[in-house]
Structure formats: structure tokens, C-alpha cells
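Participant: One structure, as C-alpha cells, below. Some questions next.
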Amino acid sequence: MNDISSGAAVWEPGWRWNNSFAALGPEFHSAMRMQPLPGPYLVGHSASAAGLLGLPTGALLSPHWHDIFAGNQVPNGAQPLSSVYSGHQFGVWAGQLGDGRAALLGELQPPAGHTGCAQEIQLKGSGLTPYSRMGDGRAVLRSSIREFLCSEAMHALGIPTTRALCVIGSDHPVYREQPETAAVVTRLAPSFIRFGHFEHFCHHDLLPQLRQLADYVIDRFYPQCRLDTRLKGNAYANFLQAVTERTARMVAQWQAVGFCHGVMNTDNMSILGLTIDYGPFQFLDAFDPGHICNHSDNQGRYAFDRQPNVAYWNLYCLGQALLPLIEEQELAIAALESFKTVFPQALDACMAAKLGFHEVRDGQRELTEDLLRLLAEQHVDYSIFWRRLSHWAAQGALAEHEPVLDLFLDRTGIDSWLLQYSELLAHIPRGLAADLMLKTNPKYVLRNHLGELAIQAAQNKDFSVLGQLLQVLEHPFEEHSDFETFADFPPDWAAGIAISCSS
């Protein structure tokens, strides 16, 4: 059992620190001295994420733990460090970047027989690092709450993501556009390695380190790539293809649920195909394919409908970084080409489930495209439409169309569409279709105004709204009759919420 310096127990028996990333060597990271955060207090925590670490029940309610996850005390066996990487930001090479406000405590290994995998524990907002550049290394309460809630919401939606264990707050002032208070969000993932890590070593012509990093990731997370006979049995090309396919499936899930990431720089792309770095994200309210959720994105590079193409562009950058290892350009291109097959197939499968089909059906893509055109033309709320359609399907063939039709000013198009859709539904048991739809189309998503309500209350030390919101977001397909307002249309003031890279 690991102890902190005070001697109090930290983890349940059998858990141990592994720190395999730290073992890669000093070319990959810099050791850190943690900066104390005065007066830490618990803002919120996820019991589900705590289970990934074998934390004792109720442990996070103890001030002792608040010090740990504020960075004030380092558990024995942890090795705080910040990693170095580079990347393209808004399509432009940005050079060396790195963990500017995040400290990796290390990798916690579960005991034998535990169903989970090893998790890296990272404190985001814990203070200056060697890569902070002109920043202070701190995070503010509002951004930490947004990341915490969205990480857990995405997990509950079944979308690959980093996890968030807790948010620790402090009255310590942090200066952004205006004075705010500091916070630290504890993030969990099997690895926080990004596309930008590979770009860094390739750009600096550090081939031994590039190979060492690729071998490390393949051996730990993609071992099948060494056995795969595709692409001439080239393990590095197979690795690129595996990352391409994971990324394609993840982005297909984003598009299906209406999630905008907002800042898909290559340094914000996980090598494991996880959604990472929640900044100016947004779930769509009214369906708008060209919606730009990031107010720093002046050119609309990361608009909702551009996300698949940006993902492919980012993967192309990864392919360029891996080319010195792959050696044959044709193999790299072939690996990347898989995106053009996997993404549309994955998106079709996601949309099939939203429509209640257990497999992709003939005519489904055209039906979906017609529907999305109608939703866009009439600015229909995306999540509410799909949930109402699910309930309509659940009520049977004689169900009233009114709740669905009421979302449209001009009912002509949707009336015709529902008729075509009903003809497809007639070929499968209605109950099975409705059951799938109600488990696929969430009633609750983290809309911007809901996050803002939780933030405003938390800034006044009222964490009840955050707790209520987490409760419904952890079970987004259930009804939660006490929290119906969380599933309602956004209020008028929501349109004025501006989220930028600094958020």
C-alpha cells in the first residue's frame, strides 16, 4: 500500500505505481516540483472514475485527499512530470508546446484480478511547468468544471474519452480576462500521449526517440500491430492504420451526438482515439452543420461539419511524423486511406442506431441526409428532436406525430419524411427499434447553459447544481423526473455564451 509523507493510507491494497512513461527518459519530459495551492476544497467528484483507481468509498470527501489532488502532497511512488510535445494549431506549425499547466503524477497499476487497466493520473491546473511559456500554469474554476462534467458525460454516452476524477477549488486568485479563482481537475487515461508527441521528435530529427516512443505505444496499447500481416507486416504502418481507425470511429460518434470539440489541434488529439482536452466544446442546440463553438476560431476551421476532415488532416500530420519509421510512403498513405472507409461506415452505424435499426439498411443514408437537411433548414433542436422521435417510435404506429411536428415551423417536409421512415420501421419490431433509440438518443447532454448554471453556483460555493447535473449526465438516457428542466430548450440568454480557447 502506498503512503503519502504523512503516513496516511492512499490506495487500497495491491495498487502500485508503475510510471512507465517516466521510464522513457529525460528527452520525453521534465521533472516537476509541485506548487502548493492554498486552502483546497472539493468542488465535485465522480464515484465512477474513483473506481478506476481503487479509491476507498468516500475518500474524496476527506481534506487529506484534497491536498493530494490539489498537488500539495505527492504520494510515495508518484513521479510528477510534464511531457514535451509539439504540434499544429489551427493548421499552422506551432513548434514546441508541452504540458503547460498539467502535471502527470504517474501511472497507477491495479492489483491482479482487477478488471480495469492502469491509469495515468494528471493534475490539470497545478501550476507552472517547464513548458508553461508565458502562462501561469493554473486553471480557473469555470474551465475545470466544464472539463470535469463533459469528461464524465462523454463516458456515459459511450464515447471514448479521458476521465475526470474530481475538481479541487481554491480562493487563490488567477487572472484571465478578469480575476477568477483557481481550480485543479484530476484527469485519468491509460495514456495522455498525443499526435504532437510524435510530431515533436520527427520535427527535431530525433529518430531514436521517435522509434522508442512508437515502440512504447505499440507494445503497451497496440500489440496486434506487430502480428498484423496487412501493409506488408510493417508494424509502424499498422500502428498508423489502427490509430486512424480509432480516431475515425470516435469522430463518427461526435457527429452523431452533435458534439463540437472546438480546438482540434494535433496536440489535442489522443494517440488512443480518446476525446481529450475539453476547452471550447459544445453540444449543438439548434442543428447547424456549420456551427462554430470556439470564439477564437475566426476562420471556422473547427466548425461542426468540418471535424471529420480536420481529423483526417491531423492523422496525415501523424503519418508524416511516423514516415521515418514506416519508410515507405505508399504504406503510410494506405494506412490513412482507411479513414475514408471506416468513418462513413461508423457514422452510418451510429445513425442507424439513432433511427432504431440494429444494422445499416438500404436507403438509410439518403433518409438521414434528408432529415439533417430539414433539421438545419428549420433550426430544430438536435437532441430534443431525436428524443421525441424515440418516444414516438415507442408509442407504436398509431402514435400522435404532434410532439415531433411541433419542432418544425413548416411541417410539410417532416411529414413526408416521417412517412418514409415509418415504411422502414414497418419491417422491424417497433418495440425493439424504440428500445434501441431510447438507449442511443440521450435525453440529457451538457449544453453550454447548463454548464454555466453549475459554474455560476459554484463561484458562490454552491456545488449542488454541479452535483445534480453530474447525476443526470452520468445516466443520460434515463428520465430523471426531478430534473426535467435540464432537458428543456436552452433559454434565450444561452445564445450569448461565448467560449474561447482561454475558457
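Participant: So if I check each of Pro160, Pro190, which one is within 22 Å of Ile68 (Cβ to Cβ) and either under 18 Å from the mean Cα position of the chain (by Cα) or hydrophobic (A, V, I, L, M, F, W, C) (or both)?
Facilitator: Pro190
The rows are residues; the columns are (1) closer than 26 Å to Leu371 by Cβ; (2) under 17 Å from the mean Cα position of the chain (by Cα).
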| position | (1), (2) |
| --- | --- |
| Ala256 | yes, yes |
| Phe283 | yes, yes |
| Phe287 | yes, no |
| His295 | no, no |
| Tyr316 | no, no |
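Participant: I'd like to verify a number: residues in segment 11-56 that are of a type outside the set (Gly, Ala, Ser) and part of a helix (DSSP H, G or I), how many?
Facilitator: Summing the residues that are of a type outside the set (Gly, Ala, Ser) and part of a helix (DSSP H, G or I) in segment 11-56 gives 1.
Participant: Could I ask something else about it? Please specify each residue of segment 203-250 satisfying the condition of being among the β-branched types (Val, Ile, Thr) and either surrounded by 23 or more Cβ atoms within 10 Å (Cβ to Cβ) or in contact (Cβ under 8 Å) with a residue 40 or more places away in the chain (or both).
Facilitator: Those that are among the β-branched types (Val, Ile, Thr) and either surrounded by 23 or more Cβ atoms within 10 Å (Cβ to Cβ) or in contact (Cβ under 8 Å) with a residue 40 or more places away in the chain (or both): Val217, Val243, Thr244, Thr247.
Participant: Working only within segment 129-150, note down all residues that are crowded, with 20+ Cβ neighbours inside 10 Å and not hydroxyl-bearing (Ser, Thr, Tyr).
Facilitator: Of everything in segment 129-150, those that are crowded, with 20+ Cβ neighbours inside 10 Å and not hydroxyl-bearing (Ser, Thr, Tyr) turn out to be Gly137, Arg138, Ala139, Val140, Leu141, Arg142, Ile145, Arg146, Glu147, Phe148, Leu149, Cys150.
Participant: Oh, and also: Is it the case, given these coordinates, that Asn441 is at pLDDT 95 or above and over 19 Å from Asp381 (Cα atoms)?
Facilitator: Taking the combined requirement at face value, the residue does not satisfy it.
Participant: Could you grab me the full set of residues in segment 406-433 that are surrounded by 12 or more Cβ atoms within 10 Å (Cβ to Cβ), of a type in the set (D, E, K, R) and under 15 Å from Thr368 (Cα atoms)?
Facilitator: Passing the criteria: only Asp415.
Participant: Further question on the same structure: Being modelled with pLDDT of 95 or more and surrounded by fewer than 21 Cβ atoms within 10 Å (Cβ to Cβ) is true for just one of Leu37, Leu81, Leu42, Leu61. Which residue is that?
Facilitator: Numbers: Leu37 fails: surrounded by fewer than 21 Cβ atoms within 10 Å (Cβ to Cβ); Leu81 fails: surrounded by fewer than 21 Cβ atoms within 10 Å (Cβ to Cβ); Leu61 fails: modelled with pLDDT of 95 or more.
Checking each option against the conditions leaves just Leu42.
Participant: Since Ala153 meets every condition but one in (1) over 19 Å from Ala70 (Cβ atoms); (2) in contact with a Leu (Cβ under 9 Å, 6 or more places away or on another chain); (3) surrounded by fewer than 24 Cβ atoms within 10 Å (Cβ to Cβ); (4) in contact (Cβ under 8 Å) with a residue 40 or more places away in the chain, which condition does it not meet?
Facilitator: Against the list (1) over 19 Å from Ala70 (Cβ atoms); (2) in contact with a Leu (Cβ under 9 Å, 6 or more places away or on another chain); (3) surrounded by fewer than 24 Cβ atoms within 10 Å (Cβ to Cβ); (4) in contact (Cβ under 8 Å) with a residue 40 or more places away in the chain, Ala153 comes up short only on (3).
Participant: In segment 462-477, what count of residues is obtained for those that are of a type in the set (D, E, K, R) and within 13 Å of Ala153 (Cα to Cα)?
Facilitator: Going residue by residue through segment 462-477, those that are of a type in the set (D, E, K, R) are 462, 474.
So of that shortlist, the ones also within 13 Å of Ala153 (Cα to Cα) come out as 474.
So the answer is 1.
Participant: Moving on. Can you confirm whether segment 371-378 contains a residue that is in a loop (DSSP other than H, G, I, E, B) and either in contact with a strand residue (DSSP E or B) (Cβ under 8 Å, 6 or more places away or on another chain) or surrounded by fewer than 20 Cβ atoms within 10 Å (Cβ to Cβ) (or both)?
Facilitator: Scanning segment 371-378 turns up at least one residue that is in a loop (DSSP other than H, G, I, E, B) and either in contact with a strand residue (DSSP E or B) (Cβ under 8 Å, 6 or more places away or on another chain) or surrounded by fewer than 20 Cβ atoms within 10 Å (Cβ to Cβ) (or both).
Participant: Could you please find all residues in segment 339-370 being assigned to a helix (DSSP H, G or I) and acidic (Asp, Glu)?
Facilitator: Within segment 339-370, Asp348, Glu366, Glu369, Asp370 meet the criteria.
Participant: Using the structure shown, decide if Gly467 is in a helix (DSSP H, G or I), of a type outside the set (S, T, N, Q) and touching a strand residue (DSSP E or B) at 6+ places or on another chain (Cβ under 9 Å). Reasoning before the result, please.
Facilitator: Details: in a helix (DSSP H, G or I): yes; of a type outside the set (S, T, N, Q): yes; touching a strand residue (DSSP E or B) at 6+ places or on another chain (Cβ under 9 Å): yes.
When the stated conditions are applied, Gly467 passes them.
Participant: Another one. Considering segment 361-370 alone, what residues qualify as being free of Cβ contacts under 8 Å to residues at least 40 places away in the same chain and crowded, with 16+ Cβ neighbours inside 10 Å?
Facilitator: Thr368
Participant: Can I ask one more? Is it true that Leu466 is in contact with a helix residue (DSSP H, G or I) (Cβ under 7 Å, 6 or more places away or on another chain) and surrounded by fewer than 21 Cβ atoms within 10 Å (Cβ to Cβ)?
Facilitator: Judged against the criteria, Leu466 is not a match.
Participant: Separate question: Residue check: is Gln299 free of Cβ contacts under 8 Å to residues at least 40 places away in the same chain and surrounded by fewer than 21 Cβ atoms within 10 Å (Cβ to Cβ)? Break it down stepwise before answering.
Facilitator: Working: free of Cβ contacts under 8 Å to residues at least 40 places away in the same chain: no; surrounded by fewer than 21 Cβ atoms within 10 Å (Cβ to Cβ): yes.
No; evaluated as a whole, the condition is false for this residue.
Participant: Related question: Tell me which residues, restricted to segment 321-338, are touching a Lys or Arg at 6+ places or on another chain (Cβ under 9 Å) and part of a loop (DSSP other than H, G, I, E, B).
Facilitator: Glu328
Participant: Can you tell me which of Gly319, Gly356, Gly363 is touching a helix residue (DSSP H, G or I) at 6+ places or on another chain (Cβ under 6 Å) and closer than 26 Å to Gly431 by Cβ? Spell out how you get there, then give the answer.
Facilitator: Details: Gly319 fails: closer than 26 Å to Gly431 by Cβ; Gly363 fails: touching a helix residue (DSSP H, G or I) at 6+ places or on another chain (Cβ under 6 Å).
Just one listed residue meets the conditions, Gly356.
Participant: Let me ask something else. Need the failing condition index for Val74 against (1) assigned to a loop (DSSP other than H, G, I, E, B); (2) in contact (Cβ under 8 Å) with a residue 40 or more places away in the chain; (3) under 24 Å from Met269 (Cβ atoms), just the number.
Facilitator: Every condition holds for Val74 apart from (3).
Participant: Of all residues in segment 157-202, which are buried (at least 24 other Cβ atoms within 10 Å of the Cβ), over 30 Å from Gln471 (Cβ atoms) and not hydrophobic (A, V, I, L, M, F, W, C)?
Facilitator: Within segment 157-202, Arg194, Gly196, His197, Glu199, His200 qualify.
The values are calculated or read from the model by the stated rules, or taken from the named source; none is laboratory data. Since we're looking at a predicted model, the values are computed, not measured. Cβ atoms come from the backbone with ideal geometry, glycine included; neighbour counts cover every protein chain shown.
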